[in-house]
1. Below 8 Å, C-alpha to C-alpha, sequence gap of six or more: please give me the relative contact order for the range 14-126 in percent.
2. Enumerate the calculated ³J(HN,Hα) couplings along the range 46-61 in order (Karplus 6.51 cos²θ - 1.76 cosθ + 1.60, θ = phi - 60°), each rounded to whole Hz, writing x wherever the residue is Gly or Pro.
3. Is the range 14-79 best put as rounded, prolate or oblate by its Cα gyration tensor, with a ≥ b ≥ c the root eigenvalues, rounded for a/c under 1.5, and otherwise prolate when a/b is larger than b/c, oblate when not?
4. By count of other Cβ within 10 Å, fewest leading, how are Arg118, Arg123, Arg69 ordered?
5. Mind listing the phi-derived Karplus ³J(HN,Hα) values for the range 115-121, rounded to whole Hz, using 6.51, -1.76 and 1.60 with θ = phi - 60°, and x for any glycine or proline?
6. If amide H atoms are built 1.01 Å from N in the plane of the peptide, which residues on other chains or at least 5 residues away come under 5 Å of the amide H of Lys72?
7. Show me 37-45, 105-113, 14-22 ranked by packing, highest mean number of other Cβ atoms within 10 Å first.
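Quick note: the coordinates plus some simple rules give every number you see, no bench work behind them. A quick note: this is a predicted structure, and the numbers were derived from the prediction, not measured. Please note: Cβ atoms are built from the backbone with ideal geometry, for glycine as well, and neighbour counts cover all protein chains shown.
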Amino acid sequence: MENKNNKKTVDLNINNIRELWSKTYNTEGKPDWSHIFPYYHPEIIFQDSIQKLQGIDNFAAMCNRLSKRCKKLQMEVISVLQDSGTIMMDWKMTMSFRRFPDKPIFGCTKLTLHNDGRIIEQRDYYDLWGDIFNEIPLFKKIYRKFMIKFFG
């Protein structure tokens, strides 16, 4: 879609966000982000618990690395909310690596939209280590004690 200044605009909303992300993460096999990359601004800033990067090329490379590492990756979008130029998603992601059982990670994503409607900023929030350690009996107790002692 183009606006009066011949600039490309996108109408992302709670309905098509759910639809687009549902196509990204297959019920079996590796994810494919190629259909959502056009919805990202070239200067996208992405940040999560592990990294912060800028630019669509860096973002696409990160997505492709994750796909390469995982045997299987699924995402269930639980809820999607929108307030003007901000969209929030609550999700459950299940990753399957080569030698380990499936690991669910719960989190949320904040998408900030640029004036042209594309995603200019994405911030993913999740407790990677807490969700992983919850599946390992010995580490679960140690990790939780550490978190309560220093942060609780």
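1. Working: 220 pairs, mean separation 29.2, N = 113.
26 percent.
2. Values, residue by residue: 10, 8, 9, 5, 10, 8, 9, 9, 9, x, 5, 5, 5, 5, 4, 4 Hz.
3. Judged from the Cα gyration tensor, the range 14-79 comes out oblate (a/c at least 1.5, b/c at or above a/b).
4. Arg69, Arg123, Arg118
5. For the range 115-121, the Karplus-derived couplings read 4, 7, x, 7, 6, 9, 9 Hz, x marking Gly and Pro.
6. Under 5 Å from the amide H of Lys72 lie the amide H atoms of Ser96, each far enough along the sequence or on another chain.
7. Result, highest mean first: 105-113, 37-45, 14-22.
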